[in-house]
Amino acid sequence: MKKILFTLFFTPVVLYAQETIRQDPEIINQVSQVSTDSLKSHINYLVGFGTRHTMSSATDPKRGIGAARKWVLKKFNDYAKNTGGRMEVFMQNQTLQPDGKRIDRPTDLGNVIAIIRGTNPNDKRLFMMSGHLDSRVSDVMNIKDNAPGANDDGSGVAALIESARILSRSKFPASIVLVAFSGEEQGLLGSKMLAEKAVSEGWQLEALLNNDMISNNFSSDTHLINTHQLRIFSEGLPYYELDEKALDIRKFGLENDGKSRQLARYIKEIGERYVDHLQVKLIYRNDRFLRGGDHTPFVEKGFSAVRLTEFNENFDHQHQDIRKENGLQYGDLPEFMDFEYFKKNVGVNIAVLANLAKAPSQPENVKIEVSKLTNFTDLSWERPQSGEIAGYYVLIRETDASMWQKKIFTRENSIKLSYSKDNYFFAVQAVNATGNESLIVLPKIK
């Protein structure tokens, strides 16, 4: 293997060098398969159920949440037929009793779940994508009127179905989970149910990409159009056990480096690598003001989870009765969706899920030496528990930078850098021969 001499601030560091970060041809092909025609078909079918309100009929064969769940279940099962048993499809159910809030009658709560099982039996990692199936109009308790929910969140569910169609054709070492939640509009009920299951069953859930409204380009307030940016909302501090971690977070300046924030950075890097003419914008908060999303129950249980959503929001077509006032059409209808923009956002999900599921697991025991006064930085780590590796990337960024600024490749399990640990943040990720990187690990103190 050829060695290349890197000179960092006039101090020579000998590293093995990999070629420039490159795209994986398989992922390029997967992203190219996203079809606007398929997305339109899925949206029209979802809208055709009239309403998908959580408390609408669970038994009507054509109208309501029950019919919609069965249709999504069927779509997943259709794709599972060609996977040789690798794709498991099921419904997670629970009967809710009136809660004095947004459930006023006994209600069948159901999440539709598909798991594309990984090919490595020793790799227990799960990477999840979600959207919510339920819809609503102006009155959150109105179960009778049509609530088409084309964008909110038909777009998230259509993205799941399209991702299942494409990703089920490939094999990955780790597993991919696709979930259509119910009960989001009634208080994140379906996601709370699954987050509790993930904890009780000890799921090794390493990332959740929650898609909620990813197809609108128009701002109802400013009348601006944006087809080139996708927002990711992420938590900077860990919600889970924050009190126990707060001292080290404060001591080492890690307020911007929670697991969900690292996931958001990863999504930005990989999404922009594979999807043209799209900028992924990091939003430094868990969600929007006065609103919530299905990633939050997972954040609260200690998982890495983020919300992907369109840059502009059109409040004339969110949570609105279908009506016309002063010549203005209200309601969440398909004609207000931008399917080319939608296609790009689905491509981001597919690229990220595929890259994660193909990549090795994270390096183990990543450590930084801080016991000496020096302008060098010494890092060390151990081999990941699963996956074939070609080497490791050592990531570097200035403390006020939002994204990692430099990636240095090495085949070793330690490195000495002429960057002061006082002035930079460092991290390590594993990478395989096709360039698929693991999630990012920040070092702990030796």
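Any idea which of (1) touching a Leu at 6+ places or on another chain (Cβ under 9 Å); (2) in a loop (DSSP other than H, G, I, E, B) is the one Ser420 doesn't satisfy?
Ser420 satisfies every listed condition except (1).
Name the helices (runs of 4 or more DSSP H) wholly inside the range 218-324 in which the number of residues that are closer than 22 Å to Trp404 by Cα is 3 or more.
242-252, 259-274
Tell me which residues, restricted to the range 316-330, are touching a residue at least 24 places away in the same chain (Cβ under 8 Å) and surrounded by fewer than 22 Cβ atoms within 10 Å (Cβ to Cβ).
Once the filter is applied, which keeps residues that are touching a residue at least 24 places away in the same chain (Cβ under 8 Å) and surrounded by fewer than 22 Cβ atoms within 10 Å (Cβ to Cβ), the range 316-330 yields Asp316, Gln318, His319, Gln320, Asp321, Ile322.
Go over the candidates Ala80, Ala58 one by one and state the one that is over 22 Å from Leu167 (Cβ atoms), at pLDDT 95 or above and touching a Ser or Thr at 6+ places or on another chain (Cβ under 9 Å).
None of the others qualify; the one that does is Ala58.
Are any residues in the range 197-215 open to solvent by 10 Å² or more (accessible area, probe 1.4 Å) and outside any strand (DSSP E or B), and if so, which ones?
Selection gives Lys197, Val199, Ser200, Glu201, Gly202, Trp203.
For the range 99-116, how many residues meet the condition of being closer than 26 Å to Gly48 by Cβ and either of a type in the set (Gly, Ala, Ser) or open to solvent by 80 Å² or more (accessible area, probe 1.4 Å) (or both)?
4
Considering each residue of the range 122-162, count those that are buried (at least 24 other Cβ atoms within 10 Å of the Cβ) and under 19 Å from Val352 (Cβ atoms), and give that number.
15
How about the range 342-374: which of its residues are open to solvent by 20 Å² or more (accessible area, probe 1.4 Å) and either under 23 Å from Met128 (Cβ atoms) or in contact with a helix residue (DSSP H, G or I) (Cβ under 7 Å, 6 or more places away or on another chain) (or both)?
Correct list: Lys343, Lys344, Lys358, Gln362, Glu364.
Check Lys344 against each of (1) in a loop (DSSP other than H, G, I, E, B); (2) under 23 Å from the mean Cα position of the chain (by Cα) and name the one condition it does not meet.
The failed condition is (1).
Can you confirm whether the range 109-122 contains a residue that is small (Gly, Ala, Ser) and either free of Cβ contacts under 8 Å to residues at least 12 places away in the same chain or within 30 Å of Asp24 (Cβ to Cβ) (or both)?
Yes; the residues of the range 109-122 include at least one that is small (Gly, Ala, Ser) and either free of Cβ contacts under 8 Å to residues at least 12 places away in the same chain or within 30 Å of Asp24 (Cβ to Cβ) (or both).
Pick from Ser418, Ser402: which is in contact with a strand residue (DSSP E or B) (Cβ under 8 Å, 6 or more places away or on another chain), open to solvent by less than 70 Å² (accessible area, probe 1.4 Å) and over 20 Å from Gly258 (Cβ atoms)?
Ser418
Anything in the range 355-395 that is in contact (Cβ under 8 Å) with a residue 40 or more places away in the chain, assigned to a strand (DSSP E or B) and aliphatic (A, V, I, L, M)? List them, or say none.
Passing the criteria: Val366, Ile368, Leu379, Leu395.
Which pairs turn up if I take residues in the range 84-98 that are over 15 Å from Thr54 (Cα atoms) and look for partners that are open to solvent by 80 Å² or more (accessible area, probe 1.4 Å) with beta carbon separation below 8 Å, at least 6 apart in sequence or on another chain?
Taking only residues 6 or more apart or on different chains, the pairs are Arg86/Arg117; Arg86/Lys171; Met87/Arg117; Glu88/Arg117.
Which members of the range 197-221 meet the condition of being touching a residue at least 40 places away in the same chain (Cβ under 8 Å) and among the acidic types (Asp, Glu)?
Once the filter is applied, which keeps residues that are touching a residue at least 40 places away in the same chain (Cβ under 8 Å) and among the acidic types (Asp, Glu), the range 197-221 yields Glu206, Asp212, Asp221.
Please determine whether any residue of the range 416-427 is more than 19 Å from Ile270 (Cα to Cα), free of Cβ contacts under 8 Å to residues at least 40 places away in the same chain and among the polar types (S, T, N, Q).
Checked the range 416-427: at least one residue is more than 19 Å from Ile270 (Cα to Cα), free of Cβ contacts under 8 Å to residues at least 40 places away in the same chain and among the polar types (S, T, N, Q).
Any idea which of Thr119, Thr36, Thr54 is open to solvent by less than 10 Å² (accessible area, probe 1.4 Å), under 27 Å from the mean Cα position of the chain (by Cα) and not small (Gly, Ala, Ser)?
None of the others qualify; the one that does is Thr54.
Restricting to the range 271-315, what's the tally of residues that are surrounded by 21 or more Cβ atoms within 10 Å (Cβ to Cβ) and among the acidic types (Asp, Glu)?
The qualifying residues number 2.
Quick one: is Glu335 surrounded by fewer than 21 Cβ atoms within 10 Å (Cβ to Cβ), without any contact (Cβ under 8 Å) to a residue 40 or more places away in the chain and part of a helix (DSSP H, G or I)?
Yes, satisfied.
Give me the residue from the range 163-174 that is open to solvent by less than 10 Å² (accessible area, probe 1.4 Å) and not aromatic (Phe, Trp, Tyr) and, out of that set, nearest to the chain's Cα centre (by Cα).
Ser163
Modelled with pLDDT of 95 or more and closer than 18 Å to Lys259 by Cα: which single residue out of Ala427, Ala390 fits that description?
Answer to the check: Ala427.
Check Leu189 against each of (1) within 21 Å of Lys70 (Cα to Cα); (2) open to solvent by less than 20 Å² (accessible area, probe 1.4 Å); (3) more than 17 Å from the chain's Cα centre (by Cα) and name the one condition it does not meet.
Failed condition: (2).
The values are calculated or read from the model by the stated rules, or taken from the named source; none is laboratory data. Worth saying up front: this structure is predicted, and the values here are computed from it rather than measured. Because the Cβ atoms are built from the backbone with ideal geometry, glycine has one as well, and the counts that use them run over all protein chains shown. For the accessible areas, the whole protein counts, side chains as well, though only heavy atoms, and no ligand, DNA or RNA atoms are used. Shrake-Rupley method; radii C 1.70, N 1.55, O 1.52, S 1.80 Å.
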